[in-house]
Structure formats: C-alpha cells, structure tokens
Amino acid sequence: MLSGPRCEAENDTQGGLVQYYNDQLDTALQRLHDEGRYRTFIDIERRKGAFPHATWRRPDGIEQPVTVWCGNDYLGMGQHPVVLDAMHEALDATGAGSGGTRNISGTTVYHKRLEAELADLHGKESALLFTSAYIANDATLSTLPKLFPGLIIYSDVLNHASMIEGIRRNGGAKRIFKHNDLADLRAKLEADDPAAPKLIAFESVYSMDGDFGPIEAICDLADEFGALTYIDEVHAVGMYGPRGAGVAERDRLMHRIDIINGTLAKAYGVMGGYIAASDKMCDAIRSYAPGFIFTTSLPPAVAAGAAASVRHLKTDRDLRTRHQTQARILKTRLRALGLPIIDHGSHIVPLIVGDPVHTKQLSDMLLMDHGIYVQPINFPTVPRGTERLRFTPSPVHGPDEMDALIHALDKLWSHCALNRSEMSA
C-alpha cells in the first residue's frame with residue numbers, strides 16, 4: 001500500500017475533485033431553484049376505470065384525491081377495456097418482457113401485428129416500431145444522412161427536442177427556419193445547391209402552443225425543390241382524421257408525406273413510437289439506425305395493447321368528436337373569465353402566466369387547495385416570459401371536473417395577479 005508525500009498528494013487531488021463535482025452539482029441545481037425552474041414530480045397513482053381521477057401521495061404521506069388535467073392520455077384509452085383485455089391476453093400468453101432486441105429474439109407476432117396496423121393507419125407500405133416517439137425521431141433523423149450523403153435537413157425552429165437532437169447528432173447540414181414561416185423556408189431552400197438531397201422536418205400540431213403546421217404548403221415547397229418530407233404527428237395521431245391517422249389524414253395529405261412519426265403513448269394510451277414510410281425507407285432505417293438495432297423491444301403485452309388501441313380508434317369517431325368538444329368548452333369558459341389562453345383550434349389549451357415563480361405558485365395552489373393537478377411549463381420547454389399551465393381536456397373530463405377547474409382558476413388567478421403586482425411594485 002502506498003504511503004508518504006506522493007500518496008497524500010494523490011488523496012488531496014482526489015478529494016479536491018470530489019468536492020468540485022459536488023459543488024458543480026449544487027450550483028447547477030441552485031440555479032434552477034433561483035430561477036423558479038426547478039421541477040418537482042408529484043407521486044400519483046392512477047385509478048383504473050376512474051381516470052382522470054387519481055390519488056396523490058403528499059410529502060407528509062397523506063393520500064389526497066386529485067383530478068389530472070395535464071396528462072397525455074388524451075382519449076382515456078389507457079383504461080379502455082379493449083386495450084386492457086388485449087394486454088392481459090398477451091401477458092398470460094407470453095410473460096413480461098420481449099427477451100431481446102428486434103434483431104435478436106425480440107420480434108414477436110405482437111410487434112408485427114402492431115406495425116401492420118400502423119402501416120394501414122397511415123396508408124404506407126411499412127411501419128417501424130420503437131420504444132418511444134423520442135427514440136423514433138432521434139434514431140431516424142440521425143440516420144438519414146448516412147443513407148443520403150450530402151443531405152440538408154430544414155427544421156422548424158419549434159420542432160420537438162427529439163427532432164432537434166436527431167438532426168444535431170447526424171453530422172449533416174441543417175437549416176433552421178422560422179416557425180411556420182414559408183417565406184423563410186423558401187429562401188433557405190433557394191440558397192442551397194438545387195442538386196443537393198433535401199428533407200423538410202416539421203410537426204402537425206406543436207404541443208406547447210397547440211398550433212398547426214402548414215402541411216400542404218410545405219409539401220408544395222418540397223415538390224418544387226425535390227425535398228423529402230418528415231412530419232411528427234405525435235400530438236395528432238388517434239385524434240384527427242377519419243381514422244385517427246392525424247392532421248395529414250384530416251387534410252388528405254398523407255400520400256404527400258414521405259416519413260410520418262407517431263406515438264403510442266398519448267392518444268393510444270400505451271407506450272412506444274414509430275415511423276411509417278415506404279418498405280425501402282423502413283428497411284434502411286431498421287438496418288442502419290443504432291437506436292433501433294441496439295434497443296430491447298417493447299414487451300409483447302404493450303405491443304398488443306397498442307395494436308388494440310390503434311384498431312379501435314380507427315372506427316371510434318365519436319370519441320374524437322367528444323374530445324374536440326371538451327377542448328372547445330374549456331377554451332370558451334376560460335375566455336369568459338378573461339384569462340390569457342392561446343387558441344389555435346387544437347385540443348391543447350395553454351394558459352399563459354408569464355413568470356416561472358407564479359406559474360409554480362398557481363400550480364401548487366391548484367393541487368394543494370383544490371385537488372387539481374396541472375404541471376407548470378417553464379423555460380427551456382417554452383421561451384422565457386411565456387411560462388404557462390397547459391391543460392389537456394379529454395372525453396373523460398365531465399361537467400363536474402370542468403366546473404371545479406373553472407371555479408378554482410377564477411378564485412386563484414386574481415390572487416396570483418395581486419401577488420404579481422405587489423412584487424413588481
């Protein structure tokens with residue numbers, strides 16, 4: 001065992017590094033606290049058959065009933081009998097996990113059935129299943145330049161973090177165009193080599209403001225400049241279009257989109273993500289994307305539940321209609337209170353507070369005093385000064401839940417406004 005001055009010097013150095021690591025972590029976390037952006041996760045237990053009601057375990061250990069107003073289970077399919085029955089059947093038949101990656105023992109009949117349902121949903125030759133839509137975006141967009149050397153990707157500035165990360169990591173050329181700004185996109189397309197391969201990446205519904213991407217106009221530009229199109233329909237699949245394939249289906253534009261990204265964890269109420277495209281495109285991504293090749297596949301029970309949900313929502317138009325109706329009612333009632341909401345006609349209802357501390361304060365009071373859970377949305381998810389509460393009404397939010405929310409906001413908003421005026425005085 002070493003001893004003496006050398007050993008002591010090494011111990012001092014190591015001790016100094018340990019202190020440095022701890023200090024840096026403390027600094028990073030304190031910065032979030034100081035800015036009012038530190039995120040806390042509340043411990044909730046969803047109740048089967050009772051959503052949006054859940055149980056919250058408070059920090060003092062007391063259990064309190066809450067109504068969830070910020071969930072992504074947009075249609076309540078996470079508790080639908082057709083989904084639960086399919087998952088129980090697959091679990092009893094196969095057990096828990098898939099047992100491997102898709103390449104090594106992790107492809108089952110349940111995965112293939114789900115991919116077939118998704119390809120049919122979007123009118124594409126194939127679909128490729130991932131463990132999440134984040135991974136689907138990241139893996140696909142980071143792989144495309146390997147398949148198309150010299151590819152230039154044109155990305156909307158408000159694209160989801162998963163798209164941004166995939167584009168950043170791919171090592172290829174990228175151009176960021178202003179949000180939904182067709183003139184800016186055209187200018188960037190015109191500035192590049194006409195012979196260079198191109199891809200335009202955008203979303204159908206942008207989740208923070210709830211606005212729609214100009215799909216048809218972007219497709220027109222793609223045709224003019226010979227570009228591929230990549231659309232993220234994560235906040236639209238299951239909810240828009242005659243069969244729930246998304247906004248591109250609603251607008252009869254699916255055939256003009258080369259790659260469609262979607263999720264199984266929002267309107268479909270389960271878990272997973274996917275792309276739908278041509279046979280060749282899916283085969284190439286399957287063969288080259290590390291995010292697909294080296295990831296254990298979804299459990300068969302999850303794939304079975306997702307397939308049942310997709311299949312069911314292809315025909316349940318009434319559920320989609322009730323969802324849109326609930327969103328319109330909530331926006332109408334919030335406007336009647338004079339509250340600053342954003343309304344682009346989608347199902348997403350952002351209420352702008354404009355300050356991270358007050359957003360958190362309002363969220364805490366809704367939870368503690370009224371049993372209403374809505375998570376504050378702060379920078380960097382949204383720009384500074386646009387901090388908000390983001391409500392996601394669903395068909396299972398009934399009149400009683402709606403009344404309770406409106407009455408709570410009516411009471412608390414003036415209280416928070418008074419606090420804001422006192423702090424700025």
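The values are calculated or read from the model by the stated rules, or taken from the named source; none is laboratory data. Treat the numbers as computed from the prediction; the structure is a model and nothing was measured. FYI the Cβ positions are ideal-geometry reconstructions off the backbone, even for glycines, and counts take in every protein chain you see. Keep in mind that these areas ignore ligands, DNA and RNA; they rest on the heavy atoms of the full protein, side chains included. Shrake-Rupley method; radii C 1.70, N 1.55, O 1.52, S 1.80 Å.
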inquiry  = Looking only at segment 14-29, how many residues end up being open to solvent by less than 90 Å² (accessible area, probe 1.4 Å) and over 25 Å from the mean Cα position of the chain (by Cα)?
reply    = 8
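Given the options Thr325, Thr315, Thr359, Thr296, name the one that is in contact with a strand residue (DSSP E or B) (Cβ under 8 Å, 6 or more places away or on another chain) and either open to solvent by 10 Å² or more (accessible area, probe 1.4 Å) or aromatic (Phe, Trp, Tyr) (or both).
Working: Thr325 fails: in contact with a strand residue (DSSP E or B) (Cβ under 8 Å, 6 or more places away or on another chain); Thr315 fails: in contact with a strand residue (DSSP E or B) (Cβ under 8 Å, 6 or more places away or on another chain); Thr359 fails: either open to solvent by 10 Å² or more (accessible area, probe 1.4 Å) or aromatic (Phe, Trp, Tyr) (or both).
Being in contact with a strand residue (DSSP E or B) (Cβ under 8 Å, 6 or more places away or on another chain) and either open to solvent by 10 Å² or more (accessible area, probe 1.4 Å) or aromatic (Phe, Trp, Tyr) (or both) holds for just one of Thr325, Thr315, Thr359, Thr296, which is Thr296.
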message = Condition (residue is hydrophobic (A, V, I, L, M, F, W, C), over 26 Å from Tyr240 (Cβ atoms), under 26 Å from the mean Cα position of the chain (by Cα) and open to solvent by 90 Å² or more (accessible area, probe 1.4 Å)) applied to segment 34-57: is it met by at least one residue?
response = yes
ask   = Would you pick out the residues in segment 329-343 that are of a type in the set (Val, Ile, Thr) and surrounded by fewer than 17 Cβ atoms within 10 Å (Cβ to Cβ)?
value = Ile329, Thr332
Residue identified as crowded, with 18+ Cβ neighbours inside 10 Å and under 22 Å from the mean Cα position of the chain (by Cα) among Ile176, Ile200 = Ile200
query = Across segment 57-85, what is the number of residues that are touching a Lys or Arg at 6+ places or on another chain (Cβ under 9 Å) and farther than 28 Å from Pro350 by Cβ?
reply = 3
Close pairs from segment 15-39: first closer than 29 Å to Gly354 by Cβ and of a type in the set (Phe, Trp, Tyr), partner surrounded by 10 or more Cβ atoms within 10 Å (Cβ to Cβ) and at pLDDT below 95, Cβ under 6 Å, at least 6 apart = Tyr38/Leu32
key: Number of the condition not met by Asp279 [criteria: (1) in contact with a helix residue (DSSP H, G or I) (Cβ under 6 Å, 6 or more places away or on another chain); (2) farther than 19 Å from Ile153 by Cβ; (3) open to solvent by 50 Å² or more (accessible area, probe 1.4 Å)]   = (1)
Scope segment 173-202; condition in contact (Cβ under 8 Å) with a residue 12 or more places away in the chain, farther than 24 Å from Tyr288 by Cα and not in a helix (DSSP H, G or I); matching residues = Ile176, Phe177, Lys178, His179, Asn180, Asp192, Pro194
request  = Report, by residue number, each residue of segment 376-398 that is open to solvent by 40 Å² or more (accessible area, probe 1.4 Å) and within 18 Å of Val66 (Cβ to Cβ).
outcome  = Val396
Filter result for Tyr230 (open to solvent by less than 20 Å² (accessible area, probe 1.4 Å) and either touching a Gly at 6+ places or on another chain (Cβ under 7 Å) or of a type outside the set (Phe, Trp, Tyr) (or both)) = no
ask   = Does at least one position in segment 98-112 carry a residue that is among the hydroxyl-bearing types (Ser, Thr, Tyr), in contact with a strand residue (DSSP E or B) (Cβ under 8 Å, 6 or more places away or on another chain) and within 30 Å of Leu221 (Cβ to Cβ)?
value = no
query = Looking at segment 346-365, which of its residues are among the β-branched types (Val, Ile, Thr) and touching a Lys or Arg at 6+ places or on another chain (Cβ under 8 Å)?
reply = Ile348, Val349, Ile352, Val353, Thr359
task = Only one of these is among the small types (Gly, Ala, Ser) and surrounded by 14 or more Cβ atoms within 10 Å (Cβ to Cβ): Gly95, Gly171, Gly150, Gly123. Name it.
result = Gly123
ask   = Within segment 98-111, can you find the residues that are more than 16 Å from Thr263 (Cα to Cα) and either aliphatic (A, V, I, L, M) or crowded, with 20+ Cβ neighbours inside 10 Å (or both)?
value = Ser98, Arg102, Ile104, Thr108, Val109, Tyr110
request  = Please find, among Leu313, Leu366, the residue that is over 30 Å from Thr108 (Cα atoms), modelled with pLDDT of 95 or more and of a type in the set (A, V, I, L, M, F, W, C).
outcome  = Leu366
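Which residues, counting only those in segment 235-252, are part of a loop (DSSP other than H, G, I, E, B) and open to solvent by less than 10 Å² (accessible area, probe 1.4 Å)?
The answer is Ala236, Val237, Gly238, Met239, Gly244, Ala245, Gly246.
Quick one: is Leu405 within 20 Å of the chain's Cα centre (by Cα), over 24 Å from His80 (Cα atoms) and crowded, with 19+ Cβ neighbours inside 10 Å?
no
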Segment 58-86 - residue that is of a type in the set (Gly, Ala, Ser) and more than 17 Å from the chain's Cα centre (by Cα) and, of those, surrounded by the most Cβ atoms within 10 Å (Cβ to Cβ) = Ala86
task = Considering each of Leu114, Leu128 in turn, give the residue that is part of a helix (DSSP H, G or I) and surrounded by 15 or more Cβ atoms within 10 Å (Cβ to Cβ).
result = Leu114
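This table checks each residue for (1) of a type in the set (D, E, K, R); (2) closer than 27 Å to Thr296 by Cα; (3) assigned to a helix (DSSP H, G or I); (4) free of Cβ contacts under 8 Å to residues at least 24 places away in the same chain.
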{"site": "Thr140", "(1), (2), (3), (4)": "no, yes, yes, no"}
{"site": "Lys146", "(1), (2), (3), (4)": "yes, yes, yes, no"}
{"site": "Met163", "(1), (2), (3), (4)": "no, yes, yes, no"}
{"site": "Ile167", "(1), (2), (3), (4)": "no, yes, yes, no"}
{"site": "Gly171", "(1), (2), (3), (4)": "no, yes, no, no"}
